[in-house]
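Step one of this worksheet: look at the structure below.
Bear in mind that the values in this text are calculations on the coordinates, not laboratory data. Quantities reported herein were computed from a predicted structural model and do not represent experimental measurements. Cβ placement follows ideal geometry from the backbone for every residue including glycine, while neighbour counts extend to all protein chains displayed.
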């Protein structure tokens, strides 16, 4: 017999929306808590930036969004659809393969409305505490439940739930590069979290740290107005970072040190006098509301654990779970299969291994990473293993493997970007010869 649980979902971004849908489909009673007045999470553009451009001042007002105005998706719309809900990516009557953030937000609003998710969301409601309530009388769900304390304006409310699913994202609290001499460097610093438009960089010499999608996109954006853009990346990424269309973008190795004269010196021995250092160095996982007495921890180096298959803390499963922790994957589809897995586990249709077996699996995963020389901060990185992971999760709920056409499309993106460069692949990628 399937069970119906009262479930709190923290966050109304992509992961929260699809999780709410899958939970509701399984007959669970769902409340979604959303701090802002809009759904969409990361995909809600906010021109406002934080008062501290590096986002290290604890007294700053935190801005959730990290979107820059020119952002387009780095995956095509076909890979940003849900299995039964396609993303058309339409703008002014034209279908875009790589739409902008405005089209993504429109898609999410339509998704929420069509599946009745909007009515489940409590907007302008911040979750300030999530903690266990142990041994509540007449509760058969492993005798444990969760108290969720939320705040709306000056009103605080405590409610008890059978389960909590955390979907608050991980693109809000910046991670900064550790640069020798930076405390004495006189120039301006900013993290990509606070980048919106290129105009403030006009006629400046800018060093951009990071060869990921945001670093490459922002370098290209800034190059339209800056005097020079010096892109500092790890050696393995320099080839992929080639932005041939921009004569004022120059590739460098990592920064060796900076000094009080304003000089930035790279490991390759070159140096330049820069006005601005822009950190495109990623984000930290952050769950300030979650109290687990140390059972689940998120350190400052992009690691959450222990989590079985990046979703369930073994000791607290299945009452506590996370959606959206992994990165460098086909995000929307991954979120969907994770949400389906959680929903069916909570209803009792799918069983998890024992706590000991889950912990052993986590330890085995971490050992494999260590033996491969992969840093702890990449514990949740899936690239080149994303299909294997999604196929495994899908199998837990009786779903088939990811469609071969989807897999072909992803590898064709990698191939095209490697051949024509990051600045051009979205315009030159040939979808006509692939599965639609």
Bridge type composition, the stretch 204-341 - antiparallel percent by DSSP, nearest 5: 45 percent
Relative to the compact globular guide of 2.2 N^0.38 Å, what is the alpha carbon radius of gyration of the stretch 1-64, as a ratio? 1.49
DSSP beta bridges in the chain, what fraction antiparallel, as a percent rounded to 5? 50 percent
Find how many whole Å separate the alpha carbon centroid of the stretch 32-111 from the alpha carbon centroid of the stretch 200-216. 21 Å
Rounded if a/c is under 1.5, else prolate if a/b beats b/c, else oblate: with a ≥ b ≥ c from the C-alpha gyration tensor eigenvalues square-rooted, which is the stretch 50-98? prolate
Which of the peptides 21-33, 418-430 is most tightly packed, and how do the rest follow, judged by the mean count of other Cβ atoms within 10 Å per residue? 21-33, 418-430
Working out 0.36 nm times the residue gap between residue 293 and residue 260, then minus their Cα-Cα distance, what length gain in nm do you get to one decimal? 7.5 nm
Within 10 Å, count the other beta carbons around each residue, average over each peptide in 329-335, 184-190, and list them highest first. 329-335, 184-190
Could you tell me what fraction of 2.2 N^0.38 Å the Cα radius of gyration of the stretch 176-279 comes to, as a two-decimal ratio? 0.96
Residue 370 versus residue 354: modelled label distance in nm, points set 7 Å from Cα along the beta carbon direction: 2.4 nm
So for the stretch 176-279: antiparallel DSSP bridges make up what percent, rounded to the nearest 5? 25 percent
Per principal axis, largest first, the Cα atoms of the stretch 343-396 extend in Å by 38, 26, 15
Where does the chain land on the Kirkwood hydrodynamic radius, alpha-carbon pairs, in angstrom? 23.0 Å
